[in-house]
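Novice: I'd like to ask some things about the structure below.
Derivation of every value follows stated rules applied to the coordinates shown; laboratory data play no part. Note that the structure is a prediction, hence the values are computed from the model and not measured. No Cβ is skipped: glycine too gets one built from the backbone with ideal geometry, and neighbour counts run over all protein chains shown.
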Amino acid sequence: MTFVSTRIITADINRLVDFYQNVTGFSATWYTTDFAEFRTPVAVLAIGSTRTLQLFGGDAVASPATNRSVILEFRVENVDADFERILAYLGEGLVQKPTTMPWGNRSLLFRDPDGNLVNFFTPVTSAAEERVIR
């Protein structure tokens, strides 16, 4: 089995796609007006509008902007540089400035416009680096 993708369902797909294009620097590939993807070297971040829920059984399947337990994590080359690059864009979404965690990652935590937590991190110890390579 291979884990390949995470999908966010949103009521405002244009706003969310624009946000992820700005913070990640990746360009979205739009397949329809209701579905876009960000392809990274390791996995895909997919964003679907609430209209796509009809393909899965209706609106009761998922609720946009209600995640309170998942953090989307992106390994970046230099979390401090990315923080400086996106700080003005984050506004009220900033949760935690770059901080070195006990497990060896330097981590920046913020929320996307739907309230989903996003972590940009850079391994700063050899043990953290080894965990990410696996």
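Novice: Between the range 3-32 and the range 52-72, what is the C-alpha centre distance in whole Å?
Specialist: Cα centroid to Cα centroid, the span is 15 Å.
Novice: Taking every eigenvalue of the Cα gyration tensor of the chain, multiplying by 5 and rooting it, what semi-axes result, largest first, whole Å?
Specialist: 27, 17, 14
Novice: Take the alpha-carbon positions of the range 78-134, form their convex hull, and give its projected area averaged over all directions (one quarter of the hull surface) in nm².
Specialist: Taking the Cα atoms of the range 78-134, their convex hull projects to 4.1 nm² on average.
Novice: Nearest 20 debye, what's the magnitude of the dipole of the chain about its Cα centre given +1 on Lys and Arg Cβ and -1 on Asp and Glu Cβ?
Specialist: Dipole about the Cα centre, nearest 20: 240 debye.
Novice: Which semi-axis lengths, in whole Å and largest first, follow from the square roots of five times the eigenvalues of the Cα gyration tensor of the range 1-61?
Specialist: 20, 15, 9
Novice: As a test of the formula, what do you get for the chain when each DSSP H run with n ≥ 4 contributes -39,500 (n - 2.57) and the sum is divided by the residue count, at 222 nm and rounded to the nearest 500 deg cm²/dmol?
Specialist: Theoretical 222 nm ellipticity from helices: -7000 deg cm²/dmol.
Novice: Another question, if that's okay. So how much slack lies between V44 and W30, counting 0.36 nm per residue of separation and subtracting their Cα-Cα distance, in nm?
Specialist: Between V44 and W30, full extension yields an extra 3.7 nm.
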